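Written out below as structure tokens is the structure these notes cover.
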Amino acid sequence: EIVLTQSPGTLSLSPGERATLSCRASQSVTSRFLAWYQQRPGQPPRLLIYAASSRATGIPDRFSGSGSETDFTLTISRLEPEDFAVYFCQQYDGSPYTFGQGTRLEI
Amino acid sequence: EVQLVDSGGGLVQPGRSLRLSCTTSGFTFRHYAMSWVRQAPGKGLEWIGYITSTTYGATTQYAASVKGRFTISRDDSKNISYLQMDSLKTEDTAVYYCTRNLSPGGNYYYFDYWGQGTLVTVSS
């Protein structure tokens, strides 16, 4: 089973700033099979990024993903008020699919 | 518009059973694999299982934590996915989400649409 570790646990920033979230895998995620999700309070997760760097439909271009093998990054270039939420990474390089524990992005 | 509506949650005693439903619309259900993902209160996300499309045999795969107790099925005539949960434990308490699966090919799934979730509380 691939274990994903996200850092930091909590990130405190202001609107307009740049956010950099990390996701580290316990073993190589082949073919960059990594996704990122955003979860706002009381809402289900929303797909942001798949294949490490492809934006899902309707996701603003201030969200970008990068990385390969064991190190992946989600970057939000200029934070909007609605971006303050919890972010999860997920690997889909075979079952069981696993999630990171989440990074809380707070104002 | 793609919609997934989760239902069937509630309070149940340990050792008992419960069946959740995921009613879908807005897409060709029979073409897609589906998963269930849960989230314990205040915790992270845990994938618990998937079912492939009927074209690929409606095969299932489960996380170790639920294997042998939970069963995923589908009814393509009604566009519904089910999660049958037996021998429930207190640690199964969570919000349960159904998801639509996407894949670049093969059983490599990420989740593009999610239901709103249904809360299952296992307690005596």
Subset of region A:64-98, residues more than 14 Å from chain B (Cβ to nearest Cβ), out of contact with any helix residue (DSSP H, G or I) (no Cβ under 7 Å at 6 or more places or on another chain) and closer than 17 Å to A:Pro15 by Cβ, comes to A:Thr75, A:Ser77, A:Arg78, A:Leu79, A:Glu80, A:Pro81, A:Glu82, A:Asp83, A:Phe84
Screening B:Gly26, B:Gly42 for residues that are more than 12 Å from every other protein chain (Cβ to nearest Cβ), out of contact with any Phe, Trp or Tyr (no Cβ under 8 Å at 6 or more places or on another chain) and exposed (fewer than 13 other Cβ atoms within 10 Å of the Cβ) leaves only B:Gly26
Output for Cβ contacts, cut-off 6 Å, separation at least six or different chains, first residue at negative phi and in contact (Cβ under 8 Å) with a residue 40 or more places away in the chain in region A:87-101, second part of a loop (DSSP other than H, G, I, E, B) and β-branched (Val, Ile, Thr), reads A:Gln91/A:Ile2; A:Thr98/A:Ile2
For region A:65-84, pairs from a residue that is at negative phi and in a strand (DSSP E or B) to a residue that is among the acidic types (Asp, Glu) and surrounded by 14 or more Cβ atoms within 10 Å (Cβ to Cβ), with Cβ under 7 Å and 6 or more apart or across chains, are A:Ile76/A:Asp83
Out of (1) out of contact with any Leu (no Cβ under 8 Å at 6 or more places or on another chain); (2) closer than 22 Å to B:Trp47 by Cβ, the one A:Pro81 does not meet is (2)
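Here's the yes/no breakdown for (1) of a type outside the set (Gly, Ala, Ser); (2) within 28 Å of A:Tyr50 (Cα to Cα):
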residue: B:Asp6; (1), (2): yes, yes
residue: B:Gly26; (1), (2): no, yes
residue: B:Thr55; (1), (2): yes, yes
residue: B:Lys78; (1), (2): yes, no
residue: B:Ser87; (1), (2): no, no
residue: B:Ala94; (1), (2): no, yes
residue: B:Tyr97; (1), (2): yes, yes
residue: B:Arg100; (1), (2): yes, yes
residue: B:Gly105; (1), (2): no, yes
Looking at region A:40-49, is at least one residue more than 13 Å from chain B (Cβ to nearest Cβ) and not in a strand (DSSP E or B)? no
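Within region A:52-63, is even one residue outside any loop (DSSP other than H, G, I, E, B), touching a strand residue (DSSP E or B) at 6+ places or on another chain (Cβ under 8 Å) and within 11 Å of another protein chain (Cβ to nearest Cβ)?
Taking region A:52-63 and keeping what is outside any loop (DSSP other than H, G, I, E, B), we get A:54-55, A:63.
Narrowing further to those that are touching a strand residue (DSSP E or B) at 6+ places or on another chain (Cβ under 8 Å): A:54-55, A:63.
Cutting the leftovers down to within 11 Å of another protein chain (Cβ to nearest Cβ) gives us A:54.
So far as region A:52-63 goes, yes, one or more of its residues are outside any loop (DSSP other than H, G, I, E, B), touching a strand residue (DSSP E or B) at 6+ places or on another chain (Cβ under 8 Å) and within 11 Å of another protein chain (Cβ to nearest Cβ).
A short reminder: the numbers here are calculations on the coordinates, not readings from a lab. No experiment lies behind these values; they were computed from the predicted model shown. As a convention, Cβ positions derive from the backbone with ideal geometry for all residues, glycine included, and neighbour counts pool all protein chains shown.
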